[in-house]
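The values are calculated or read from the model by the stated rules, or taken from the named source; none is laboratory data. The structure displayed is predicted, hence computed values, not measured ones. Glycine also receives a Cβ, built like all others from the backbone with ideal geometry; neighbour counts cover every protein chain displayed.
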Amino acid sequence: MNITRTIGLAVIALVTGVAPALAAGHGPVFGWATPTLGRGGWSLDEAWTLRSGEDDQQQQMLRTMLSFGVTENLQISGSLPMVMTDGRLAPARMMSAMSSDREFEALAAYRFQKRTIGIGGRQESTFYAGATAPLERQRNGTGVGGSIEGGISTGYASRAHYVWVGGSVQHYLERGGDQFGDSRLVTAVYGYRPAVLRTEAGKPDLRFFVEVTAEERGASRTSGVETAAGARTVFVGPTTLLLHKAIGLEAGVLFPAYQRVDSTSVKEHVRVAVNLAYFFWLK
C-alpha cells in the first residue's frame, strides 16, 4: 500500500467513521484522556493500526481489547494482538491506551479527580497503571521481557471544547541479559464540537480533534551491550470521534513533525489508526 492510498483510506475513515462518546470510556485515538466506562459497562474494541515509512517498510496490527467499568471511576482493560506484521521501524507506542507490540497488555484507569465547571463543563484527572507480557522471545534482534507502565492525564471537557494533556513511562524488564529501552510518552489533545452537531440525546454526535504525541525511547541492550540508540519522535494530526447508539468507530492520522531514529531503523511517513467499538451491559 503506497502513501497516497494510505492517506486516502484514512481520510475516508475520518469522514465516514463513527466513534464512541467520551462519556462511554473512550477519548481521542492516540493521546491520553480521562474518560472511563460507567459502572457495569463493557466495551469490545477492534483496532487496526498502520505505521508506514521509508523503503516501503510497514508495521500493521489488528488488536482486540476488552474493557470493564468496575465503578464509575475505575476501569480495567486487557488487549491482545490478533494479526501483526513488522518492518524496520523503530519501537514506538502508537496509541496511548493500547500496545503496538506482540504482547498481552493489562491496563487499569482510575479517575481520581472530577469537578464541575460552569454549565456542562468538567475538569478531570485519571491515573493509569498496567503491565505487559510478550508473546515473542525477541523483538528487533533483542530479547524482550515484560514491562510495567504508569501514566496520568488531566483536562477539561465541555459541550464544545476538549483539552487533555498526559504522560506515561513504560519500563521493560531484562530477559536473558537483554533489555528493551524504556518508553517515555507525552500527549496533548484539543477537540471541538461544532454547534450544529450538539444534538439531542440519541442522535449521531461528532467531535474533531488535533492530537500530538511525543515519545523518547531509550537505548536497547543485548548481552549488556548497547545495540540501538533509541528514538525521539513527535507526531501531529487530525482525528475524529462520532457515536451512534452502541456501535462506534474512531479514526485518525498522524504525520511526523520531528524524528531521530538509530541507523538500523527507517523514518516514518504516516501513522493511521481505526478502532471499532461495541458497548454493552451484562445483566
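Could you please give the count of residues in the range 188-202 that are touching a strand residue (DSSP E or B) at 6+ places or on another chain (Cβ under 6 Å) and modelled with pLDDT under 90?
2
Against the definition (out of contact with any Lys or Arg (no Cβ under 8 Å at 6 or more places or on another chain) and at negative phi), how does V189 come out, yes or no?
Details: out of contact with any Lys or Arg (no Cβ under 8 Å at 6 or more places or on another chain): yes; at negative phi: yes.
Criteria met by V189.
Quick check on this structure: which one of L206, L282, L243 is buried (at least 22 other Cβ atoms within 10 Å of the Cβ) and farther than 26 Å from Q58 by Cβ?
That would be L243, the only listed residue that is buried (at least 22 other Cβ atoms within 10 Å of the Cβ) and farther than 26 Å from Q58 by Cβ.
Can you name every residue in the range 209-221 that is buried (at least 17 other Cβ atoms within 10 Å of the Cβ), in contact with an Asp or Glu (Cβ under 7 Å, 6 or more places away or on another chain) and not basic (K, R)?
The answer is G218, and nothing else.
Criterion first (touching a residue at least 24 places away in the same chain (Cβ under 8 Å) and at negative phi) does P238 satisfy it?
Values: touching a residue at least 24 places away in the same chain (Cβ under 8 Å): yes; at negative phi: yes.
Yes; evaluated as a whole, the condition is true for this residue.
How many residues, within the range 73-85, are over 19 Å from A251 (Cα atoms) and modelled with pLDDT of 95 or more?
The total comes to 7.
Residues that are touching a residue at least 60 places away in the same chain (Cβ under 8 Å), farther than 30 Å from V196 by Cα and basic (K, R): does the range 132-153 have at least one?
So in the range 132-153, the residues touching a residue at least 60 places away in the same chain (Cβ under 8 Å) come out as 140-143, 151-153.
Then drop every residue that is not farther than 30 Å from V196 by Cα, which leaves 140-143, 151-152.
Within this subset, residues satisfying the condition of being basic (K, R) are none.
Looking for residues that are touching a residue at least 60 places away in the same chain (Cβ under 8 Å), farther than 30 Å from V196 by Cα and basic (K, R), one finds none in the range 132-153, hence no.
Do you know which residues across the range 241-256 are under 22 Å from R88 (Cβ atoms) and in contact (Cβ under 8 Å) with a residue 24 or more places away in the chain?
Once the filter is applied, which keeps residues that are under 22 Å from R88 (Cβ atoms) and in contact (Cβ under 8 Å) with a residue 24 or more places away in the chain, the range 241-256 yields V253, L254.
State the number of residues belonging to the range 115-145 that are surrounded by 14 or more Cβ atoms within 10 Å (Cβ to Cβ) and more than 15 Å from V163 (Cβ to Cβ). Walk me through it before giving the result.
Pass one, the range 115-145, residues surrounded by 14 or more Cβ atoms within 10 Å (Cβ to Cβ): 121-132, 134, 139-140, 142-145.
Okay, now just the ones that are also more than 15 Å from V163 (Cβ to Cβ), so 127-132, 134, 139-140, 142-145.
Selection size over the range 115-145: 13.
Cβ contacts < 6 Å: first residue modelled with pLDDT under 85, restricted to the range 203-230; second residue hydroxyl-bearing (S, T, Y) and part of a strand (DSSP E or B), any location; separation 6+ or different chain. Result?
Matching pairs, first to second residue: T227/S220; A228/S220.
Residue check: is A23 at pLDDT below 95, among the small types (G, A, S), within 30 Å of F112 (Cβ to Cβ) and not in a loop (DSSP other than H, G, I, E, B)?
yes
Restricting attention to the range 65-92, which residues are touching a residue at least 60 places away in the same chain (Cβ under 8 Å) and either of a type in the set (A, V, I, L, M) or under 15 Å from Y128 (Cα atoms) (or both)?
L89, A90, A92
For the range 123-130, state whether one or more residues are β-branched (V, I, T) and in contact with a Lys or Arg (Cβ under 6 Å, 6 or more places away or on another chain).
Taking the range 123-130 as the starting set, the residues that turn out to be β-branched (V, I, T) are 126.
Okay, now just the ones that are also in contact with a Lys or Arg (Cβ under 6 Å, 6 or more places away or on another chain), so 126.
Yes, that holds for at least one residue.
Just one of T239, T222 is closer than 28 Å to G87 by Cα and in contact with a helix residue (DSSP H, G or I) (Cβ under 9 Å, 6 or more places away or on another chain); which is it?
T239
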